[in-house]
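First comes the structure, then the notes that go with it.
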Amino acid sequence: MFDRTPNPPRPADDPVAPQPPERMMRITPMDMRQQRFKPAMRGYDKTEVVAFLTEAADDYEHAQREIDRLRGDLMRMEALLAEHRQREANLRDTLLTAQRLAGEVKEAAQNEAKLIIREAQGRADLLLEKAQSRLTEMEHDVNELKLRRRDAEGSLEASIQALYRALEFIRDQDQARNEDRVLLHRPRQNDQPPQQGAWQPDARGEERKASS
């Protein structure tokens, strides 16, 4: 009654593999109901045979409907499984892409951080070098200013000493002149008038000698 061709096994790792061809049904429930047998000697009771065939046809039809329903459920499940498999593959690809991008971003961030640190270190070294050079220049300027101040103080002190000596000299000269003038204008001890014809000292000459 049925084609007993065995179905090829599905691959164990692919539950959504193509379905094998359906078995061709050589008899239908209607055939079972309409089937009539020829009478024969010592045959079966026709009523019982018809009743049995009718009941078998009903069970067969019910089984066929159940098979069709199960086949439909299987197709829906296989489609749903395929959809889930596709989603899983997409998620796996997305995860791999995200991991790859995260690695690339991390590597780029590390390289950028190293570059920033290197540039900052270079700028810091340059600023430190400039500051050190400026400090050296300032120390040189301070030392030069100290030398100039020492020279200025020495020159000022020498000028003050020279002025002091000049003032002392002028003061001594003035004092000497004053003393000479006092001596010239001091009254004589001999009050007798000089005799006529006698020599008399010239006051002007004496004053000239004193001034010289």
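Taken together, the values in this text are just the output of simple stated rules run on the coordinates, not laboratory data. Model, not experiment: these values are computed from the prediction. When we count neighbours, we look across all protein chains shown, and the Cβ atoms used for this are built from the backbone with ideal geometry, even at glycine.
The Cα atoms of region 29-93 cover 75, 15, 14 Å along the three principal axes, with the biggest extent listed first. Using the Cβ of Arg149 as centre and a radius below 13 Å, the other residues enclosed give a net charge of -2, where K and R count +1 and D and E count -1.
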